[in-house]
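One structure is given below, encoded as structure tokens.
Nothing in this text is a laboratory measurement; each read-out follows from the coordinates by a stated rule. For clarity, every value in this text was computed on a predicted model and none was experimentally measured. When we count neighbours, we look across all protein chains shown, and the Cβ atoms used for this are built from the backbone with ideal geometry, even at glycine.
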């Protein structure tokens, strides 16, 4: 049976990557899935390939044309499948047989075949005008465990599997949350620093809702059976779909909270992400690279360039921060706020609002306490909390809040 032969080849020769490192079980499994689906599709198209070792370039060409013209798959999916075919053919000793995608789709503009690894717009939930504080309450009413998971995703950038396995009591190390070995992608562990009071607020709240030594994942299925990781992943996905958290529905997925975490951590490092309008000259090149490295590590990666996928590419653009354009952004937001009746500032937040108002005054922007409160409320909401005390340099944070307010009020015209 050709399926068993595919598994035999990959299990025998697919345990080591090209760079000599050990390939994960997940990598081998995905390669098996791609190759089995490819050969099955060849059979549908009339190519009765029985021995996987006989796969040739004409088969690859047929599959690529089918994926583009008939299946209309996304370019990222096509490139991924082509890459796995290339690896598989390498296992067969056919190194170099599988060419670039342009070779199989010569009539398509090469620009259309490029996978953009840098985010060109924000993938965060806030970018889709989702109020996290209110949305979390809605999720709590549906499933309180999922509500806790989503809070940790935005606060610490946890992946789905990481949050299902998370034991918040055991992983809280005071100044950071540790993702234990075996929880993260590729089994890697990491420390996610706590840079904002919102992270501490969320972590303490989650801990108050679950017993010690208990992961966040559901212990039992709805039928009462013991739930394993696969059952938990399925339940998580089904709940997200039922709540409308899909690209087709709300325009976002759970992974968007990880992107929002990346933007939030950038703001806490006094970096305005490119997805929010930031540019490359916000700080010295070495400092920017160092902070991006720290962000990548908090996300569970080693290369700082991976941050482009979450917060966009800085490129070579130039825009002075906290000067003309930054001040205009703030002033535009305040002008729009003048046309709205703003609620009174809660007594317990007045001191914080005075701090924010003073920070604005330093750069020549005059705001009322109510306006300062609205700006900072929007900023705090990015982190999944109703309020957080201003602690760091407020320039970048206030500009990000002003961009959100301007977008919201402009669409209400």
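Quick look at the numbers
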quantity: Prolate/oblate/rounded label for segment 324-411 (Cα gyration tensor, a/c 1.5); calculated: rounded
quantity: Spatial separation of Cα centroids for segment 358-379 and segment 164-202, in angstrom; calculated: 33 Å
quantity: 222 nm mean residue ellipticity, helices alone, for the chain (DSSP H n ≥ 4; -39,500 (n - 2.57); rounded to 500); calculated: -16000 deg cm²/dmol
quantity: Degrees separating the helix 25-44 axis from the principal Cα axis of the chain, which is the longest one; calculated: 60 degrees
quantity: Residue among 263, 214, 324 with the largest mean-square fluctuation in a Gaussian network model of the chain, springs linking Cα atoms under 10 Å; calculated: 324
quantity: Highest-fluctuation residue, 115, 154, 192 considered, GNM on the chain with Cα pairs under 10 Å; calculated: 115
quantity: Centre separation in Å (Cα based) which lies between segment 60-84 and segment 264-310; calculated: 32 Å
quantity: Three-way shape call for segment 165-278 based on the alpha-carbon gyration tensor, with the a/c threshold at 1.5; calculated: oblate
quantity: Packing-based ranking, highest mean first, of 398-405, 233-240, 143-150 given that Cβ atoms within 10 Å are counted; calculated: 398-405, 143-150, 233-240
quantity: Whole-percent pair-distance distribution, where bins are 5 Å wide, for the alpha carbons of segment 224-322; calculated: 2, 12, 19, 18, 13, 12, 10, 6, 5, 2, 1, 0
quantity: The chain: angle of helix 350-362 to the longest principal axis, Cα-based, in degrees nearest 10; calculated: 90 degrees
quantity: Cα gyration tensor shape for the chain, rounded if a/c is under 1.5, else prolate or oblate; calculated: prolate
quantity: Candidates 356, 108, 366, ranked by Gaussian network fluctuation over the chain, Cα under 10 Å, top entry; calculated: 108
quantity: Degrees between helix 2-13 axis and first principal axis of the chain (Cα, 0 to 90, nearest 10); calculated: 70 degrees
